[in-house]
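Below is one structure, written out as structure tokens, with a few remarks after it.
Readers should treat all values here as calculations from the given coordinates under stated rules, not as data from a laboratory. Just so it is clear, the model here is predicted, and its values are computed rather than measured. Here Cβ is always computed from backbone atoms with ideal geometry, including for glycine, and neighbour counts include all displayed protein chains.
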Amino acid sequence: MDWYKATLNISSQGKGMYNFTEVVSAQVREWGIEEGMCYLYMQHTSASLVIQESYDPSAKADMQEFMQRLAPENESWYVHTLEGADDSPSHMRAMLTNSDLAIPIDEGRLSLGQWQGIYLFEHRSRPHQRRVLMRGLSTTS
């Protein structure tokens, strides 16, 4: 078994879902992993990682609206507002989603479903540079 590692830097332009499936797929191809696992880890507490539908843009819009309604900004009971009205809700949204993902690799490709994509889910209003640690495990020699 062989381990590989990379750090992905993903730019966001504020709240929203940013598809970076192709960046991950390209790294798997570069590593030459035929069979194994891909692990992704988000080093932030106000953004997250999700696997979600990547075909119909309305699905992404619904997910974003759902999070907005689930953890709205400017609630009077929020205490953690040091960085603005999106501070507490961004951490709440991240708590409800994933900071890590594990995706099998088969025949040199990520084993995602037909409509699945890998997204950085940015919960903050302003643009950010997000770091995603990527690890690959090859189970063949």
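What list of ³J(HN,Hα) values in whole Hz, one per residue of region 88-95 in order, does the Karplus curve 6.51 cos²θ - 1.76 cosθ + 1.60 (θ = phi - 60°) give from phi, with Gly and Pro shown as x?
3J(HN,Hα) across region 88-95, in whole Hz: 4, x, 5, 5, 5, 5, 5, 5.
How compact is the chain by the rule of thumb for globular proteins, expressed as Cα Rg over 2.2 N^0.38 Å? Please report the intermediate quantities before stating the final value.
Values: Rg = 16.3 Å, N = 141, 2.2 N^0.38 = 14.4 Å.
Rounded to two decimals, the normalised Rg is 1.13.
Taking the Cα centre of the chain as origin, work out the dipole magnitude from +1 charges on Lys and Arg Cβ and -1 charges on Asp and Glu Cβ, in debye rounded to 20. Mind dumping the intermediate values first?
Numbers: 12 positive and 18 negative charges, 69 e Å.
Approximately 340 debye in magnitude.
If we sort 55-63, 98-106 on the protection proxy, mean other Cβ atoms within 10 Å, highest first, what's the order?
Details: 55-63: 13.1, 98-106: 15.2.
Descending mean neighbour count gives 98-106, 55-63.
Give me the one-decimal nm value for the distance between modelled label points at LEU70 and ILE51, 7 Å along each residue's Cα-to-Cβ direction.
That separation, rounded to one decimal, is 1.8 nm.
Once the piece of chain linking LEU133 and ALA26 is laid out straight, how much longer is it, given 0.36 nm per residue of separation minus the C-alpha distance between them? It would help to have the intermediate numbers written out before the result.
Values: separation 107, 0.36 × 107 = 38.52 nm, distance 1.48 nm.
Length gained between LEU133 and ALA26: 37.0 nm.
Order by neighbour count: SER138, SER88, SER76, fewest other Cβ atoms within 10 Å first, most last. Before the final figure, lay out each step's value.
Values: SER138 18, SER88 21, SER76 4.
Least crowded to most crowded, the residues run SER76, SER138, SER88.
If each residue's Cβ is checked for other Cβ atoms within 10 Å, how do THR7, THR21 rank with the fewest at the top?
Starting with the residue having the fewest Cβ neighbours, the order is THR7, THR21.
What GluC sites (Glu not before Pro) in region 74-134 are in a loop by DSSP, with at most 14 other Cβ atoms within 10 Å of the Cβ?
On the way: sites: GLU75, GLU83, GLU107, GLU122; in loops: GLU75, GLU83, GLU107.
Answer in residue order: GLU75, GLU83, GLU107.
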